[in-house]
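Worksheet: one structure, shown below.
The values are calculated or read from the model by the stated rules, or taken from the named source; none is laboratory data. Here the structure is a predicted model, which means the values were calculated and not measured. Here the Cβ positions follow ideal geometry from the backbone for every residue, glycine too, while neighbour counts run over all protein chains shown.
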Amino acid sequence: MNAPKANAPRAIAFVAADTDDAREAVRRLSDRYGNAPSGEADVIVALGGDGFLLQSLRDTMSTGKKIYGMNRGTVGFLMNEYREDDLPARIAAATPETIRPLEMRAVTADGDVVLALAINEVALWRQSYQTAKIRIFVDDQMRLEELSCDGVMVATPAGSTAYNLSAHGPILPLDAPLLALTPVSPFRPRRWRGALLSNKATVRFDVLESGKRPVNASADHTEVKSVTAVSVRESPTTTATLLFDAGHSWSDRIVSEQFRY
């Protein structure tokens, strides 16, 4: 019998999205490899799609747990291929990528302050039929006096292939020290397509005419209604770690995605 690799996980926890395919995968893998409680596991294997993987990351941020995703969903851009054989060896050989979420501080029309974390993006969008009007500051310097739009977002590299990509924002390598600032259906200035910012930058959005043109904000799935100001920065302390199969890293996928047509 071959000895396990020194960096092979001693205990694996399997978690599943709420789908038949994902639940069946957990049953089969648990029978084969055991299923440790999440608190005792070295690695958590998330079975589902990208949304479930991101939820697993949110649940384990700053715990030191590593997340290895296997696709039992649809697109699975962040997921590794589902295979049942030699799973501990695959995990041992996987490449880790550290993700830092965004910190959102949103001020509402009532003066409440809401704090939330986002792995994908912090987004603002119009709450009514009225176009949103938003002033944009980067590191306390006004960069855009008035953006008329349906919305605007700050996306992380991990989130750059999600809502950001749908809004025609750039795809960012996971290790790029950048954030994507991307408008949604900009009306004025019509030709403005966003900006690439340092991941050390702090972005502030001031909502203009907030009573007439109400705006909502979200940090991934945390939604705040009727905001007047939102600031966004990359967290300096909170982290999460994803594992990707060797030879099929996030960077490889990013390059491939940019040549798809």
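Being among the small types (Gly, Ala, Ser), touching a Ser or Thr at 6+ places or on another chain (Cβ under 7 Å) and in a loop (DSSP other than H, G, I, E, B) is the requirement here; does Gly169 meet it? Yes, satisfied.
Residues in the range 178-233 that are more than 15 Å from Ala118 (Cβ to Cβ), of a type in the set (D, E, K, R) and out of contact with any Cys (no Cβ under 9 Å at 6 or more places or on another chain): Arg190, Arg191, Arg193, Lys200, Arg204, Asp206, Glu209, Lys212, Arg213, Lys225. Across the range 120-160, the qualifying residues are those that are crowded, with 22+ Cβ neighbours inside 10 Å and in a loop (DSSP other than H, G, I, E, B), and the one among them that is nearest to the chain's Cα centre (by Cα) is Asn120. Of the residues making up the range 188-220, those that are in a loop (DSSP other than H, G, I, E, B), farther than 12 Å from Val152 by Cβ and either touching a residue at least 24 places away in the same chain (Cβ under 8 Å) or not assigned by TED's automatic domain parsing to the domain that holds Ala118 (or both) number 11.
Hey, among the residues in the range 223-236 that are within 17 Å of the chain's Cα centre (by Cα) and over 17 Å from Asp110 (Cβ atoms), which one's surrounded by the fewest Cβ atoms within 10 Å (Cβ to Cβ)? Out of the qualifying residues, it is Pro236. Checking Arg10 against (1) basic (Lys, Arg); (2) modelled with pLDDT under 95; (3) in a helix (DSSP H, G or I), only one condition comes out false. Which one? So the condition that Arg10 fails would be (3). It is to be established whether one or more residues within the range 210-220 are surrounded by fewer than 18 Cβ atoms within 10 Å (Cβ to Cβ) and among the hydroxyl-bearing types (Ser, Thr, Tyr). Within the range 210-220, none of the residues are surrounded by fewer than 18 Cβ atoms within 10 Å (Cβ to Cβ) and among the hydroxyl-bearing types (Ser, Thr, Tyr). Among the residues of the range 72-99, those that are surrounded by 18 or more Cβ atoms within 10 Å (Cβ to Cβ) and part of a strand (DSSP E or B) comprise Asn80, Glu97, Ile99.
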